Amino acid sequence: MCAAVRAAAASNARILSSFKPPPNVVVVGGTSGIGRAIALSIGQHCPSASITIIGRNQSAADAILSQLGSNSKFIRADVSLMSEIRNATKKINVVDMLILTQGILTMAGRTPTTENIDNKLALHYYGRVLFVQELLPLLRSSQNGGKVLFVLGGVNENPSKINWNDMSLENAYSLSAAANHTASFTDLAIKYLGSQPENTNVAFTHANPGGVNTPIADNLPFWARLPLKGLMAGLLALGLRVTPEDCAEYMVHGMLGADKGYTYIGTKGETVTKKKPVQVEMVQKVWEHTAQIISPNH
Ligand SMILES: NC(=O)c1ccc[n+]([C@@H]2O[C@H](COP(=O)([O-])OP(=O)(O)OC[C@H]3O[C@@H](n4cnc5c(N)ncnc54)[C@H](OP(=O)(O)O)[C@@H]3O)[C@@H](O)[C@H]2O)c1
C-alpha cells in the first residue's frame, strides 16, 4: 500500500468512526470488484456500520457478509430491471450513503432488457438514478448528511457528443456512444440533483475510478479476455492500474470529502474541476429524458 492510499485510509477510518449514529451504507454492485472492496473497507474502518450489498451473486455476497458486522445484509436483485430496483429499495428503510458500482464490460451491441432498455445503459445509468430517486427521502433525512457516489466516469465524457435525437440509443447504439451517454448523463444528472433546494442535505459525487484490476473482464470471450487480463496485470505491476482495495480507499475518501451539491472526483479521490463545457438546457433535457425512462409508465 503506497503512502497516498495509507493517508486516504487513515482519514476514512477517522471520519467513518466519528459518525453518530454509525452509518447505514448501501452498495449496489457490492458483490465484486470496486463495490465489494468499498463495502469491506467501510466495514473494516467502522465495524458498527450497517452495510447492505445488492447484486445477484448469493455465494459472493455470503463470503463478504461473513467479513462484515452482524447488522449487514444482502438484497438479491437484477438491477438491470427498473421493476426489481423498485422492489429492492422497498426493503431499505434507512440510508446515509448510497454507493453505485453496478456494471458490466461487454462488446455486444444494444441488448434490450425485458423493459426495453439497453442492459448496459440500465446498469450504468438509468437504474442508478432510479436508486437515487427511490432512496432520496431517506438520504435527505440522514443525520450525518446523505452521500451518493456514482463510480463510473472516465476522462473522455463529452456532452457535446450526446445524440439528442436518440438519447437512449435505440437506433444509433455504439460502444463509444453508450460510454459517453452514461458518463455524460451522470455528470448532468448530479448537477440537476445537487442543485435542487430539497436536496441541500445530500452530496452527490461522480467518480472516475481509473484502471482497476477487478473481475470485470471475466465475461468477455476468451480471445479478448486473455490479452486484456495480461495487459491489466502488466499495467498493475507498472503502477498504471490499481487494486480494488486501493481504489476503494480513494473513492471513499473522495465521497467523504465532497461538499453538499455535486462534485466530480478523479482516480485518487481528488476533486476535478476541469470538465467539458455544459449548457444549462442540457441539464434539464437529460433530467426530463431520465425521468421518463425510469418512470413506472415507461
Ligand atoms: N474496473 C475498471 O477498471 C473500471 C474502470 C472504469 C469504470 N469502471 C466501472 O466501475 C463499475 C464497477 O466495476 P468493477 O470493475 O468493480 O466490476 P465488477 O467487479 O465486474 O463488479 C460489477 C458489479 O456489478 C454487479 N452487477 C452487474 N450486473 C448486474 C445485474 N444485472 N444486477 C445486479 N448486479 C449486477 C455485479 O454483481 P453480481 O455479479 O452479483 O450480479 C458486481 O457486483 C462498473 O460500472 C464499471 O464500468 C470500472
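Rule-based calculations on the coordinates, nothing more; no lab input. The model shown is predicted, which means the values in this text are computed figures rather than measured ones. Virtual Cβ from ideal backbone geometry, glycine too; neighbours counted across all protein chains shown.
Here are a few things to note about the model shown:
- In range of the label at Ala172: residues from the stretch 278-295 whose backbone nitrogen is under 12 Å from the point 7 Å along Cα→Cβ: none
- Pairs spanning more than 29 Å between alpha-carbon atoms, out of Lys91/Lys285; Lys90/Lys275; Lys20/Lys90; Lys20/Lys120; Lys90/Lys120; Lys120/Lys285: Lys91/Lys285; Lys90/Lys275; Lys20/Lys120.
- Positive-end extreme of charge dipole, the chain - chosen from Leu152, Ala10, Leu238 (charges on Cβ): Ala10
- Assigned charges on the beta-carbon of Lys, Arg, Asp, Glu; the stretch 214-266 dipole about Cα centre (debye): 220
- Expected-Rg normalisation [2.2 N^0.38 Å, Cα atoms] applied to the stretch 126-241: 1.30
- Largest first, the extents of the alpha carbon coordinates of the chain on the three principal axes equal 48, 48, 38 Å.
- Applying the criteria of a DSSP loop state and at most 11 other Cβ atoms within 10 Å to the chymotrypsin sites (Phe, Trp or Tyr not before Pro) of the stretch 109-204 yields Trp164.
- Each Lys and Arg Cβ is given +1 and each Asp and Glu Cβ -1; about its Cα centre, the stretch 149-295 then shows a dipole of about 360 debye.
- Computed from the Cβ-Cβ distance with R0 of 30 Å, the FRET efficiency linking Glu115 to Lys274 stands at 0.25.
- Full-extension gain in nm, Trp223 to Leu240, via 0.36 nm per residue minus C-alpha separation: 3.8 nm
- Look at the Cα gyration tensor of the stretch 1-143: its axes a ≥ b ≥ c give a/c of at least 1.5 with a/b over b/c, and that counts as prolate.
- Rounded to the nearest 20, the Cβ-based charge dipole of the chain about its Cα centre (Lys and Arg +1, Asp and Glu -1) stands at 400 debye.
- Local electrostatic count at Thr111 - Lys and Arg +1, Asp and Glu -1, tallied over other residues with Cβ under 13 Å: -1
- Span-rule helices in the chain, defined as complete DSSP H runs reaching 27 Å or more along the axis (Cα) with Kyte mean at least -0.5: 175-195
- Summed side-chain charge close to Ser41 - residues other than Ser41 whose Cβ falls under 12 Å, Lys, Arg +1, Asp, Glu -1: -2
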